[in-house]
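Q: Supplied in structure tokens, the structure appears directly below.
The values are calculated or read from the model by the stated rules, or taken from the named source; none is laboratory data. The structure displayed is predicted, hence computed values, not measured ones. FYI the Cβ positions are ideal-geometry reconstructions off the backbone, even for glycines, and counts take in every protein chain you see. Heads up: the accessible areas ignore ligands, DNA and RNA and are worked out on the full protein's heavy atoms, side chains in. Shrake-Rupley method; radii C 1.70, N 1.55, O 1.52, S 1.80 Å.
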Amino acid sequence: MTILKILQYPNKNLRKEAKKVIKVDRYIKKIIQDMFETMYYTKGIGLAATQVNIHKRIIVIDITKSRNQKLVFINPKLLKYSGSIKMQEGCLSIPNKFAYVKRYKNIKISALDENSRYFEIKAKDLLSVCIQHEIDHLFGKLFIDRISENL
């Protein structure tokens, strides 16, 4: 596995919109492995492919302290949302900066997993926030863009 270089703000490539993954092949699976390795190495809880200069709609997440519940979302799509939550967020692409961001408390999303299987998942609280944060990256949006939206 490989530790990938994480783009740092204000790198313009963080603003690129990721393209849909057409086929989950060996190349995509290798990207996912490397993304997990990079996320764990940097002590993150989520990582979008955009952050490692790969402009494909892939996010990886593991919010557990034990680091043993890997979640992969390929071509994630928000289906439903409700409520609101304001939580302090940080970002591997914007080191040592934190801010409270308002997001949906409960979400339902669809995606493909690393084996091309379609699934839907409901998430709340921290997992919901993390998924939304990473999906934003796929569309060139950073958490700092949302700070003014919360004032």
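Q: Going through the range 61-94 one residue at a time, which ones are closer than 13 Å to E114 by Cα and either surrounded by fewer than 19 Cβ atoms within 10 Å (Cβ to Cβ) or free of Cβ contacts under 8 Å to residues at least 60 places away in the same chain (or both)?
A: Within the range 61-94, K70, L71, V72, I74, N75 meet the criteria.
Q: Does the range 104-124 contain any residue that is under 12 Å from the mean Cα position of the chain (by Cα) and aromatic (F, W, Y)? Please lay out each step first, then the result.
A: As a first pass, look at the range 104-124 and keep what is under 12 Å from the mean Cα position of the chain (by Cα): none.
For the range 104-124, residues under 12 Å from the mean Cα position of the chain (by Cα) and aromatic (F, W, Y): absent.
Q: In addition: Can you tell me which residue in the range 104-150 is least open to solvent (accessible area, probe 1.4 Å), limited to those that are hydroxyl-bearing (S, T, Y) and more than 17 Å from S84 (Cα to Cα)?
A: This residue is S110.
Q: Moving on to the next point. If you take the residues in the range 8-39 that are part of a loop (DSSP other than H, G, I, E, B) and within 14 Å of the chain's Cα centre (by Cα), which one is nearest to D145 (Cα to Cα)?
A: Pass one, the range 8-39, residues part of a loop (DSSP other than H, G, I, E, B): 8-11, 16-18, 20-25.
So of that shortlist, the ones also within 14 Å of the chain's Cα centre (by Cα) come out as 17-18.
Working: E17: 15, A18: 18 Å.
Ranking the candidates gives E17 first.
Q: Inside the range 1-53, can you point out the residues that are open to solvent by 80 Å² or more (accessible area, probe 1.4 Å), under 24 Å from K141 (Cβ atoms) and not β-branched (V, I, T)?
A: K5, Y9, P10, K12, R15, K16, E17, K19, K20, K43
Q: Another question, then. Provide a single number: the residues in the range 52-103 that are on the phi > 0 side of the Ramachandran plot and out of contact with any helix residue (DSSP H, G or I) (no Cβ under 7 Å at 6 or more places or on another chain). Working first, answer last.
A: Of the range 52-103, the ones on the phi > 0 side of the Ramachandran plot are 53, 67, 75, 83, 96.
Now narrow it down to the ones that are out of contact with any helix residue (DSSP H, G or I) (no Cβ under 7 Å at 6 or more places or on another chain): 75, 83, 96.
Going through the range 52-103 one residue at a time, the tally reaches 3.
Q: Counting only residues that are out of contact with any Leu (no Cβ under 9 Å at 6 or more places or on another chain) and under 19 Å from I59 (Cβ atoms), how many does the range 75-84 have?
A: The initial filter retains those residues of the range 75-84 that are out of contact with any Leu (no Cβ under 9 Å at 6 or more places or on another chain), namely 77-84.
Filter once more, so that each one left must be under 19 Å from I59 (Cβ atoms): 77-81.
So the count comes out to 5.
Q: Residue check: is S82 of a type in the set (G, A, S) and in contact with a strand residue (DSSP E or B) (Cβ under 6 Å, 6 or more places away or on another chain)? Let's see the steps before the verdict.
A: Numbers: of a type in the set (G, A, S): yes; in contact with a strand residue (DSSP E or B) (Cβ under 6 Å, 6 or more places away or on another chain): yes.
For S82, the condition - of a type in the set (G, A, S) and in contact with a strand residue (DSSP E or B) (Cβ under 6 Å, 6 or more places away or on another chain) - is met.
Q: Scan the range 1-50 for residues that are aromatic (F, W, Y) and closer than 21 Å to I63 by Cβ and report the count. Steps first, answer last, please.
A: Taking the range 1-50 first, the residues aromatic (F, W, Y) are 9, 27, 36, 40-41.
From the residues that got through so far, the ones that are closer than 21 Å to I63 by Cβ too are 36, 40-41.
Residues flagged as aromatic (F, W, Y) and closer than 21 Å to I63 by Cβ within the range 1-50 amount to 3.
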